[in-house]
Every structure is written in C-alpha cells, then in structure tokens.
Amino acid sequence: MAAEPRIVCLVPSITELLCELGLAGRLVGRTGFCIHPRETVRGIPKVGGTKDLKLERIRELAPTHVVVNVDENRREDAEALAEFVPEIVVTHPQGPRDNLDLYRQMGGAFGREAEAERLCAEFERAHERATAVERPRRDVLYLIWRDPWMTIAPDTYIAQTLALFNWHQIPVAGEQQAPRYPEVDPGALAGRVDRVLLSSEPFHFKQEHVAELEALVPGAAVSLIDGEMTSWYGSRAIRGLEYLARCTARGDS
C-alpha cells in the first residue's frame, strides 16, 4: 500500500480481528459496540452505533477505509460513506469456515497476510478438534430477544456454527423469504425442541429468564449461552469453537 491506512470499522467482531492482526494503530474510528479488546479500543473514537452512524464524525476522521458488514450495517449508510471514503470493505461471513476468507480478506487489504495465515492455522486446528467428536443431535431454539421473543433462521452464522456441534436451530417460519431473525412463540414449540439457548446478546438474558422459558417450553433443557462466542466471527470464532465444544461435551452452557 502506498500510504498507511486510516480505518474506521463498523463491525464489532472485525474491530477485534483487526487488532489481532496488528492494526490497532491504524484504527481511527469504531462503533460503541466495538468493545474488544477493551484496553486497546478505549482510545479509539466512537462514531455511533452499527445502525445509527454519525456520518459527519466519520468524515472528520478522514478514513481511507471503512469496514462494513451486510447484516450489521445499513446499505444506505454504506452508500453514503462511499461518497467520501476511498475504500468500503464489505464483509458477509455466513458460516464458520467463512472466517478463513475473512482473515485473508482483512490481511490482504491491510498488508497483514502472514498474521492472517497464522489465524487461519489456529482456526483449522480448532475446527478439526470441534468436528472430530460425534455428538447426539439436538433440536434447539436459540433466542436473541424478549418481548417479543425473537430467534434466528437456520441459515444464519449462529445457526451454522451451532450445527457443527449437531445442535440444529429449529425452523419457525416456513416462508421462502422468511426473516433471518423472526419472532417466535416458544410455547408453540413445546415437544419439538430439545434445548432452549438464551443468548447474552443483543438482549442480555439472565438466570431469571431460565425459569420463564422452562415453564413455556416444558421438557426442554434451558440454559444461558455466551452470544459473543456463537455470533462473533473473526478471531473470537476460534475461542467460540472451543467454548461450544465444552458446552456440548457437558450438555449445557
């Protein structure tokens, strides 16, 4: 690259990845949800949230690159940014092994190819360990929101990650163009679900909600699960595979 990049990252998990690749010093902006690694990002200016950006603040930071994600960020924001940012870097991991392409995409874009390959090797080792064990199939309901209850579609990154461990997100909407994060009536799924997983994000489920779901979905095991470990692609996905291996080994989270 002719000049050192000035990067604004609008994707929390990729902000962490860029730091892992040795690019923390090139980050000039982040969202308020980009919280890892905590000590490192503390000094990086915030530019709003993933879906409520402060475009003028980003303009003031004069980035050469802005990193966005198809699911995390709004298309209209990306188009507005493209009017004054030279490079919009678009990401869209849809399953665990897409992390390999993501590492190489970021490494190639910012001159960190060797670091990216190191992460690829770490991911491959974690993936091999995760898939080497035979596990019984479990049909699960992964909840991300309360009031209304909301879940995930089986083709989301989270669901594809869970499926590596033979935990399969139950479909709750039959339409071909069903939303990726549909509303759901947990009680209607009683008898069809082996396990209910209550994520720590974006709604922060707590122990008090476990009993509530046990009453709504009798017969299903209900447990809390670390949403960062299931939904954050990037460098955290390596630890996520190790975390889920432990969860499925003992049958809970």
- Query: Given +1 on the Cβ of Lys and Arg, -1 on the Cβ of Asp and Glu, and no further charges, what dipole in debye does the chain carry about its Cα centre, rounded to the nearest 20?
  - Reply: 460 debye
- Footprinting proxy, F110, F84: sorted fewest to most Cβ within 10 Å, the residues are F84, F110
- Row for segment 1-118, column shape: gyration tensor on C-alpha, a ≥ b ≥ c, rounded if a/c < 1.5 i.e. under 1.5, prolate if a/b over b/c, else oblate; value rounded
- Where a ≥ b ≥ c are root eigenvalues of the Cα gyration tensor, a/c under 1.5 meaning rounded, otherwise prolate if a/b exceeds b/c and oblate otherwise, the chain counts as prolate
- Query: Between D185 and F84, 0.36 nm times their residue separation minus their Cα-Cα distance comes to what?
  - Reply: 31.9 nm
- FRET efficiency (I170, E242; Cβ distance; R0 41 Å; to 0.05) is 0.95
- Item | Relative contact order of segment 1-79, pairs being alpha-carbon contacts under 8 Å that are 6 or more residues apart, as % | 36 percent
- Query: Out of the DSSP beta bridges found with both residues in segment 1-160, what percent are antiparallel (nearest 5)?
  - Reply: 15 percent
- Run the dipole for segment 7-92 about the Cα centre, Lys and Arg Cβ at +1, Asp and Glu Cβ at -1, nothing else charged, and hand back the magnitude in debye, nearest 20. 300 debye
- Query: Once the piece of chain linking K54 and R125 is laid out straight, how much longer is it, given 0.36 nm per residue of separation minus the C-alpha distance between them?
  - Reply: 21.6 nm
- Query: How do D98, D147 line up, fewest other C-beta atoms within 10 Å first?
  - Reply: D147, D98
- Spin-label point model (7 Å from Cα, Cβ direction): what's the D147 to T64 distance in nm? 4.8 nm
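We did not get these values from a lab; they are worked out from the coordinates using the rules stated. From a predicted model like this one, the values you see are computed outputs, not experimental measurements. With ideal geometry, Cβ positions are generated from the backbone for all residues, glycine too; neighbour counts draw on all protein chains shown.
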